[in-house]
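Asks: Sharing a structure here in structure tokens format.
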Amino acid sequence: MHAKASLKGTAVVGQSGGPTAVINQSLVGVVEALRGQPGVDKILGAHHAVKGIVNDDFIEMQNIPQDRLERIAQTPSSALGSSRDKPDESYCKRIFEVFEKNNVRYFFYIGGNDSSDTCRIVNELAKTAGYELRAFHVPKTIDNDLVHNDHTPGFASAAKFVAHAFIGDNLDNRALPGIKINIIMGRHAGFLTAASILARQHADDGPHLVYVPEAAFDMDRFVRDVEEVYKKNGRCLIAVSEGIHDAKGTPIATLLAQQVEKDAHGNVQLSGTGALGDFLSTAIKKHLGPKTRVRADTFGYLQRCFAGCTSSVDAEEARQVGREAARAALSGNLDGSISIRRVNNDPYRVEYKLIGLGDVAAKTRVMDAKYILGGRDIDSSFLDYLRPLVGKLPVVESLRSH
């Protein structure tokens, strides 16, 4: 939707939810595209997202030197600080009051689907009040679960970390054979866990088994799967999404404790504990015998901001979605979310589209069923999707024939 292009006021940008390796690229992209524009008086960064907005806690950004901005862009995590607050209509009214007080006319919120919903609510309040506000969602999530996007900034770098970790873990597992389980982020979508198959360079490389939330998880079948691979290879490397659930849709992690901690969004906390890995390890030992060598690691927050595994494609696209959001606002659009569409795979090329806030808000994208093999593996065709995003990976060799 378009309004008059000439609008003068303050711009606010915030970063919400889990940090990523490239979220600051998006922040800098927004700032770069806004600076020097006649309709923008000031550019304010919301310190700790919506929490900073309601507390009138801002960081001025319009005069930050470009060389410092470049260093910020290349630094993982959220430079402004983040928040897990999920604003309801009452909370959003407080946001709008601060916006009116500061003559905020441009609002950019970098985050996932809940962040786009915050943009939508604030924008609706502005419309009701007859206050022109241009509200834009800038996509971010390592889960890669935003609808109408081929992929989401933050995912490729986290996928690259997962690939590196599994390359190393596969070598470790080959040197000292046993059963190893790695728990990977992914509440409803298994994209990040599926990225572990990038580690397969030789026929016997792991992960040998991959379990994602898109397929129901059955413990009896799981231990039989492990037994089959272990007997065949003498070892077994396993990738498991933290959000795996049973046939009724109940997350396995919630079955492990009577008191389950939840965040402000009502989501069960999955990454703050190694309980799922320990639970699966115990089940395997019970099935194969207590002397079986079984270990489990929970990658947890390491996946989000790991320095040294940033994808160059991810960094470039994260910067561009910020620029595209700012340009859309300055051109007269009232609201929207920037989406990434893949135009070509070889050579790799994308385009950026403006979609409605309601099209992405509070919705979740999951992996296509065509990639999931029997609920226990990922088809190699998924590599065609991943490789242009992640880029080059370490090449390893083995003295064993393969």
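The values are calculated or read from the model by the stated rules, or taken from the named source; none is laboratory data. Keep in mind that what you see is a predicted model, and the values were worked out from it rather than measured. Note: ideal-geometry Cβ built from the backbone for every residue, glycine included; neighbour counts use all protein chains shown.
Asks: Just checking, which of F136, F217 is of a type outside the set (S, T, N, Q), modelled with pLDDT of 95 or more, over 15 Å from the mean Cα position of the chain (by Cα) and under 20 Å from S337 (Cα atoms)? Please lay out each step first, then the result.
Replies: Details: F217 fails: under 20 Å from S337 (Cα atoms).
When all the criteria are applied, what remains is F136.
Asks: If you take the residues of region 362-384 that are free of Cβ contacts under 8 Å to residues at least 40 places away in the same chain and outside any loop (DSSP other than H, G, I, E, B), which of them is surrounded by the most Cβ atoms within 10 Å (Cβ to Cβ)?
Replies: Going through the qualifying residues, I end up with L373.
Asks: Within region 298-314, is even one residue at negative phi and in contact with a strand residue (DSSP E or B) (Cβ under 6 Å, 6 or more places away or on another chain)?
Replies: So the first thing to find is which residues in region 298-314 are at negative phi, and the list is 298-299, 301-307, 309-314.
Remaining after also requiring in contact with a strand residue (DSSP E or B) (Cβ under 6 Å, 6 or more places away or on another chain): 298-299.
Yes, some residue in region 298-314 is at negative phi and in contact with a strand residue (DSSP E or B) (Cβ under 6 Å, 6 or more places away or on another chain).
Asks: Residues of region 315-325 being closer than 17 Å to Q15 by Cβ and out of contact with any strand residue (DSSP E or B) (no Cβ under 7 Å at 6 or more places or on another chain), which ones?
Replies: A315, A318, R319, R323
Asks: Would you call V98 more than 25 Å from D314 (Cβ to Cβ), modelled with pLDDT of 95 or more and not assigned by TED's automatic domain parsing to the domain that holds L386?
Replies: Values: more than 25 Å from D314 (Cβ to Cβ): yes; modelled with pLDDT of 95 or more: yes; not assigned by TED's automatic domain parsing to the domain that holds L386: yes.
It is true that V98 is more than 25 Å from D314 (Cβ to Cβ), modelled with pLDDT of 95 or more and not assigned by TED's automatic domain parsing to the domain that holds L386.
Asks: Hey, another quick one. Looking at (1) closer than 30 Å to V343 by Cα; (2) crowded, with 21+ Cβ neighbours inside 10 Å, which is the only condition C236 fails?
Replies: For C236, the failing item is (1).
Asks: Here's another thing I want to ask about it. Mind checking which helices (runs of 4 or more DSSP H) fall wholly inside region 143-240 and carry at least 2 residues that are of a type outside the set (S, T, N, Q) and touching a Lys or Arg at 6+ places or on another chain (Cβ under 9 Å)?
Replies: Working: elements: 155-175, 191-194, 219-233.
In region 143-240, the matching helices (runs of 4 or more DSSP H) lie at 155-175, 219-233.
Asks: Also: Might you let me know whether region 297-309 holds any residue that is of a type outside the set (S, T, N, Q) and closer than 26 Å to G234 by Cα?
Replies: Taking region 297-309 as the starting set, the residues that turn out to be of a type outside the set (S, T, N, Q) are 297, 299-302, 304-309.
Next, only the ones that are closer than 26 Å to G234 by Cα stay: 297, 299.
There is at least one residue in region 297-309 that is of a type outside the set (S, T, N, Q) and closer than 26 Å to G234 by Cα.
Asks: Could you check D117 against (1) at pLDDT below 95; (2) under 15 Å from K363 (Cα atoms); (3) surrounded by fewer than 21 Cβ atoms within 10 Å (Cβ to Cβ) and say which number it fails?
Replies: Just one mismatch for D117, condition (3).
Asks: Do you know which residues across region 289-315 are surrounded by fewer than 17 Cβ atoms within 10 Å (Cβ to Cβ), at pLDDT 95 or above and either among the hydrophobic types (A, V, I, L, M, F, W, C) or closer than 29 Å to P394 by Cα (or both)?
Replies: Within region 289-315, R293, R295, D297, S312 meet the criteria.
Asks: Residues in region 122-133: is at least one under 20 Å from the mean Cα position of the chain (by Cα) and touching a residue at least 60 places away in the same chain (Cβ under 8 Å)? So that I can check it myself, show each step before the final result.
Replies: Residues of region 122-133 under 20 Å from the mean Cα position of the chain (by Cα): none.
Looking through region 122-133, none of the residues is under 20 Å from the mean Cα position of the chain (by Cα) and touching a residue at least 60 places away in the same chain (Cβ under 8 Å).
Asks: Here is a check on your reading of the model: is G81 closer than 22 Å to G336 by Cβ, modelled with pLDDT of 95 or more and either surrounded by 17 or more Cβ atoms within 10 Å (Cβ to Cβ) or among the polar types (S, T, N, Q) (or both)? I'd like the intermediate steps shown before the answer.
Replies: Values: closer than 22 Å to G336 by Cβ: no; modelled with pLDDT of 95 or more: yes; either surrounded by 17 or more Cβ atoms within 10 Å (Cβ to Cβ) or among the polar types (S, T, N, Q) (or both): yes.
Taking the combined requirement at face value, the residue does not satisfy it.
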